[in-house]
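What follows is a set of notes on a single structure, which appears directly below.
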Amino acid sequence: MSIALSDAKNRLTELIAQYRSQVDYLAVRLEEAEGTDILLRGQKVETLSEGISIGGQVRACYKGGWGFASFNQLSSLQDRIEEAIAAARLVGDEETLLAPIEPIQDFRQIPLTGTDPRQISLAQKKALCSHYAEILRSVDDRITTTSVRYGDSAQRILIATSEGTLIEQSWIDLEMRFAATARNGETVQTGRETTGSRKAYEDLQALDAQVQSAAQRAVDALALPPVKGNTYTVVIDPILSGLFVHEAFGHLSEADMAYENPDLLEVMTLGRRFGSPELQIYDGAAPQGHRGSYYYDDEGVPATTTQLIKDGVLVGRLHSRETAGKLGETPTGNARCLNYHYPPIVRMTNTWIERGNTPVPDLLSDIKEGVYARNWLGGMTNGEMFTFAAGEAWMIRNGELAEQVRDVNLSGNVFTTLADIEAIGDDFFWDESGGCGKGGQSGLAVGCGGPSLRIRSVVVGGEAAE
């Protein structure tokens, strides 16, 4: 921890002791961050920067009302505490309901397995980006635009509360994104790849084949026929499974979504069946080595693994201390904030569908006509409805992969789709490329995982069927 944060630590505990009698709950989160951001678009360098920031946030709760203040001058800490307390006392008129936790004093650092990116010069990082950009451009003359984005960040966090919690925590996160767009007349196709790590700078090196594949997919798709829009039995690969469980189901499991929406809370009733007895879904920061992994959330609650669906039945949801208190449940360690500018809200960490028992070739075996979709280009959700664009897709005919097709968009209702999962593959893959957005806090590191899935009656958008 820096000298600035170390000096602030003693002052922080003194101020919390001084003011804690004025509110029901008081928490201060101090943060020191340093990072790199590089963006190459075509042959132009759009972003090339390194930065260091120090700041913090104060959260105060009084009679159920919250006050929040953020700052980037540690010398203003006392003023910000007073501002947050004043705001909480102004709006509070109910009861403070925070699920109880044991106060914790701890220091944790997520260990690296290789080189710290702070030991790599900006020039070396830019050269790596330029190398990948050249690979994208060199695949084919029909590649019209390319982009390469690099980001790394090192965060050190200090959390102190009026209940006696005092936690120091630090980690490093890395991410790269690649995209190439190919054009042939009016036909335009894009290929993307994303990768991330909390382990080592080396995880972003030697990605030549992965980068080339993004551009090659864009070029190859120019000559492919569009899929005929229809309702099909679809087999999706583990990357799409991870995207589906995160985007379509995971957000609905965040308890702040439920307790603020009575209709959703009724739908997401614990004990309701959503899928077959083989379906198991989890979320948790406790599994180590993933981008959504940590020891404590931003309220100082220990990381857990929460089973959301057990044997096809909804058995859990993701909580902050407030949502757990209001719903009479147990906090799960899912209160997270992107940085000190934002208050913690309920967020996913690592979300996954457990592997099943069906060999992957058998997922296709008796499908007369269907679609096999792999990887993703993008997607969107609106409540319980979702649409995802597949990165690659093939028709399935008589149990075998047939011709490759393009413009495959998978749409549906998440609850119907969960019930329509016919088989769960015995494979599994962790996708560490995720950056999640919610409540104005975009780019929060998460992990997603899953096996291949066979799903009946999926609406596949493409060219209108004749």
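Distance from the Cα centroid of the range 197-271 to that of the range 361-378 is 15 Å (rounded to whole angstrom). Of all DSSP-defined beta bridges confined to the chain, some 90% are antiparallel rather than parallel. Label zone of ARG273 (point 7 Å out along Cα→Cβ, amide N under 15 Å): in the range 420-459 this covers 420-422. At the listed q of 0.15 Å⁻¹, the Debye profile of the range 15-54, built from one uniform point per Cα, gives log10 I(q)/I(0) equal to -0.58. Can you return the lysines within cross-link range of LYS326? Criterion is Cα-Cα under 26 Å, with same-chain partners fewer than 8 residues away left out. Result set, ordered by chain and number: LYS63, LYS310, LYS438.
Within the same chain, aspartates and glutamates fewer than 8 places from LYS9 are excluded, and of the rest, those with a Cα less than 14 Å from its Cα are GLU31, GLU32, ASP106, GLU168. Extension gain for ARG456 to PHE429 (0.36 nm times residue separation, less C-alpha to C-alpha distance): 7.5 nm. A simple spin-label model places the labels of LYS126 and GLN105 4.7 nm from each other, with each point 7 Å out along Cα-to-Cβ. The packing ranking, built from the mean of other Cβ atoms within 10 Å per residue, places the peptides 8-15, 413-420, 90-97 in the order 413-420, 8-15, 90-97, highest first.
Net charge near THR115, counting Lys/Arg +1 and Asp/Glu -1 over other residues with Cβ under 14 Å of its Cβ? Net of charged neighbours comes to 0. For the chain, the longest principal axis of the Cα atoms and the long axis of helix 208-221 meet at an angle of about 50 degrees.
Rolling a 1.4 angstrom probe over the protein heavy atoms with all chains in place gives the range 126-214 an accessible area of 38 Å² per residue.
At a Förster radius of 22 Å, what calculated FRET efficiency corresponds to the Cβ-Cβ distance of ARG41 and VAL188, to the nearest 0.05?
With R0 = 22 Å, the Cβ-Cβ based efficiency is 0.85.
A straight chain from ASN357 to LEU265 at 0.36 nm per residue would run longer than the Cα-Cα distance by 29.9 nm. For the range 92-178, the share of DSSP beta bridges that are antiparallel, to the nearest 5, is 70%. Between SER365 and ALA402, the simple label model (points 7 Å from Cα in the Cβ direction) yields a spacing of 2.1 nm. Could you compute the net charge surrounding VAL315? Neighbours are other residues with a C-beta less than 14 Å from the C-beta of VAL315; K and R count +1, D and E count -1. After counting each charged neighbour, the total is 0.
A crude spin-label estimate for the pair SER49 and GLU202, with each label 7 Å from Cα along the Cβ direction, gives 3.2 nm.
Take the Cβ atoms of ASP93 and GLN73, set R0 to 56 Å, and the FRET efficiency comes out at 0.95. Legend: calculated FRET efficiency, ASP7 to THR144, from the Cβ-Cβ distance at R0 = 35 Å, rounded to 0.05, equals 0.10. Cross-link reach is defined here as a Cα-Cα straight distance under 12 Å, omitting same-chain residues fewer than 8 places apart; for LYS199 the aspartates and glutamates meeting it are ASP116, ASP152, ASP173, GLU175, GLU432.
The values are calculated or read from the model by the stated rules, or taken from the named source; none is laboratory data. Because the structure is predicted, anything quoted here is derived from the model rather than measured. Positions of Cβ are generated from backbone atoms using ideal geometry, with glycine treated the same way; all protein chains shown enter the neighbour counts. With ligands, DNA and RNA removed, areas are computed over all heavy atoms of the protein, side chains included. Shrake-Rupley method; radii C 1.70, N 1.55, O 1.52, S 1.80 Å.
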